[in-house]
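*Asks:* Right, I'll just put the structure down here and ask away after.
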Amino acid sequence: YYTDLLKGIKEVRPDVHIQAFTCVEIAHLASLAEKPIGETLDILKDAGLGSIPGGGAEVFSPRIREITCEKKLPGRDWLEVAKVAHRHGLHTNATMLYGHIETMAERVEHLDALRVTQDETNGFLAFIPLAFHPKNTEMSDIARTTGIDDLKNIAVARLMLDNFPHIKAYWVMIGPKVAQIALSFGADDMDGTVKEEVITHMAGAETEQAIGSKTLVKLIHEAGRIAIERDTLYKTIQIHE
């Protein structure tokens, strides 16, 4: 099914870059196919897979995963899938879901694990901190992250992950205004226009479903930065003066 899906997309749009399947999902597909991770990735690459998103990392701490996502792939296995993907020529991103029950030490341990992995494989393109949205979850009594916390996460990530090419201030999670400020706190990416986002909005996000390219360019210019339209692998498409 999944190889047919990728091949079908490529038949209709042969030039499109497909970024799909988190490390968690890659491990699941390998289990279904009863094949090693590397072989599974090669099959998906041959069918059209171009790169892998950073979802499913959550917080690597075993304590956190046991409480919040005990059935999800352990953090060490997430990192191993990422390493294999890098060795098989696939770039990936990495995330961290912060602002729930994790400690500051667990955030730092998460960043350190990513830094060590990147030193080994150099396959991560971007780190994307994801602010936890508590509404409609079993942690709905927890307050949402503050703008100060969001900016601190960006800044600390930029300092710690000096081997990551890019740090993303994901406007869907933290709002366009904080993302704009984050461009002065270490972030160099706000993400794109976005067609439809489901997960964060189910958890109470009040941001727009989409932002037009003109608005993004305006936000970036107002922050005193150069607006560069990029592709999925961060190659420059157009510089917007």
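The values are calculated or read from the model by the stated rules, or taken from the named source; none is laboratory data. Predicted model, so just to flag it, every value in this text is computed and none were measured. Cβ coordinates were reconstructed from backbone atoms using ideal geometry, including for glycine residues, and neighbour counts include every protein chain displayed. The area values use the complete protein model at the heavy-atom level, side chains included, leaving out ligands, DNA and RNA. Shrake-Rupley method; radii C 1.70, N 1.55, O 1.52, S 1.80 Å.
*Asks:* Name the strands (runs of 3 or more DSSP E) wholly within segment 42-160 that hold at least 1 residues that are at pLDDT below 95?
*Replies:* Hits in segment 42-160: 124-131.
*Asks:* Need pairs with beta-carbon distance below 7 Å; first residue touching a residue at least 60 places away in the same chain (Cβ under 8 Å) and within segment 131-146, second loosely packed, with under 12 Cβ neighbours inside 10 Å and in a loop (DSSP other than H, G, I, E, B); sequence gap 6+ or separate chains.
*Replies:* Final answer for the pair search is Pro134/Ser140.
Residues checked against (1) of a type in the set (D, E, K, R); (2) more than 16 Å from the chain's Cα centre (by Cα):
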| residue | (1), (2) |
| --- | --- |
| Ala30 | no, yes |
| Gly38 | no, yes |
| Lys45 | yes, yes |
| Gly50 | no, no |
| Leu97 | no, no |
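*Asks:* Taking only segment 6-22 into account, find how many residues are in contact (Cβ under 8 Å) with a residue 12 or more places away in the chain and either on the phi < 0 side of the Ramachandran plot or out of contact with any helix residue (DSSP H, G or I) (no Cβ under 8 Å at 6 or more places or on another chain) (or both).
*Replies:* Residues meeting the conditions: 9.
Results for (1) assigned to a helix (DSSP H, G or I); (2) of a type in the set (Gly, Ala, Ser); (3) open to solvent by less than 50 Å² (accessible area, probe 1.4 Å), shown as yes or no for each residue.
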residue	(1), (2), (3)
Asp15	no, no, no
Val24	yes, no, yes
Leu32	yes, no, no
Glu39	yes, no, no
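*Asks:* Let me ask something additional. If we scan segment 12-22, do we find a residue that is closer than 20 Å to Leu161 by Cα and within 14 Å of the chain's Cα centre (by Cα)?
*Replies:* No; the residues of segment 12-22 include none that is closer than 20 Å to Leu161 by Cα and within 14 Å of the chain's Cα centre (by Cα).
*Asks:* Sticking with this structure for a sec: From the set of residues in segment 53-73 that are of a type in the set (A, V, I, L, M, F, W, C) and in contact (Cβ under 8 Å) with a residue 12 or more places away in the chain, which is most open to solvent (accessible area, probe 1.4 Å)? First the steps, then the outcome.
*Replies:* Taking segment 53-73 and keeping what is of a type in the set (A, V, I, L, M, F, W, C), we get 57, 59-60, 64, 67, 69, 73.
Narrowing the set further to residues that are in contact (Cβ under 8 Å) with a residue 12 or more places away in the chain leaves 57, 59-60, 64, 67, 73.
On the way: Ala57: 0, Val59: 1, Phe60: 24, Ile64: 2, Ile67: 98, Leu73: 33 Å².
Among those residues, the one meeting the criterion is Ile67.
*Asks:* Please count how many residues of segment 84-99 are touching an Asp or Glu at 6+ places or on another chain (Cβ under 9 Å), buried (at least 18 other Cβ atoms within 10 Å of the Cβ) and not hydroxyl-bearing (Ser, Thr, Tyr).
*Replies:* Residues meeting the conditions: 4.
*Asks:* Within segment 74-112, how many residues are closer than 25 Å to Glu39 by Cβ, in contact (Cβ under 8 Å) with a residue 24 or more places away in the chain and not aromatic (Phe, Trp, Tyr)? Before the answer, list the steps.
*Replies:* Our first condition is that a residue be closer than 25 Å to Glu39 by Cβ; within segment 74-112, this holds for 74-94.
After this cut, where a residue has to be in contact (Cβ under 8 Å) with a residue 24 or more places away in the chain as well, the list is 75, 77-94.
Next, from what is left, pick out any that are not aromatic (Phe, Trp, Tyr): 75, 77, 79-94.
Selection size over segment 74-112: 18.
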